[in-house]
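Notes follow the structure.
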Amino acid sequence: MAGKCREYIKDLSDYLDGDIDSGLCAEIESHIGECENCRIMIDSLKQTVILCREGKPEPLPEALEKRLKDKLKERWDKKFSK
Ligand SMILES: [Zn+2]
């Protein structure tokens, strides 16, 4: 399961943007349905994205998006390195 989660991490921000193909989107959604870790991860990512975008409707700056992804990876690595 952990390996699968890692595969999805790189797609999560695209998923939140609705910027992925429908097959992958369905795959992620069904995975979220059975994986609490990813659900929590997506919820917190969503909140961060919403906060970042409030009063600022343009897309996330690339640097910020990269920081978010790095942070996510870091959390996952911590979680699954044990
Ligand atoms: Zn997962």
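Tabulated values for the structure
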{"quantity": "Residue list for the range 22-35, filter: part of a helix (DSSP H, G or I), touching a Lys or Arg at 6+ places or on another chain (Cβ under 9 Å) and open to solvent by less than 30 Å² (accessible area, probe 1.4 Å)", "calculated": "HIS31, ILE32"}
{"quantity": "Yes/no for ASP19 being without any contact (Cβ under 8 Å) to a residue 24 or more places away in the chain, away from the ligand (no atom under 14 Å from the Cβ) and either open to solvent by less than 40 Å² (accessible area, probe 1.4 Å) or part of a helix (DSSP H, G or I) (or both)", "calculated": "no"}
{"quantity": "Extreme residue, surrounded by the most Cβ atoms within 10 Å (Cβ to Cβ), among residues of the range 36-64 that are modelled with pLDDT of 80 or more and of a type in the set (S, T, N, Q)", "calculated": "ASN37"}
{"quantity": "Of residues in the range 1-16 being away from the ligand (no atom under 12 Å from the Cβ) and touching a residue at least 40 places away in the same chain (Cβ under 8 Å), the one nearest to ILE42 (Cα to Cα)", "calculated": "SER13"}
{"quantity": "Which numbered condition ALA2 misses (of (1) open to solvent by 40 Å² or more (accessible area, probe 1.4 Å); (2) at pLDDT below 80)", "calculated": "(1)"}
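The values are calculated or read from the model by the stated rules, or taken from the named source; none is laboratory data. None of the values given here were measured: they were computed from a predicted structure. Glycine also receives a Cβ, built like all others from the backbone with ideal geometry; neighbour counts cover every protein chain displayed. Note: accessible area is taken over every heavy atom of the protein model, side chains too, but ligands, DNA and RNA are not part of it. Shrake-Rupley method; radii C 1.70, N 1.55, O 1.52, S 1.80 Å.
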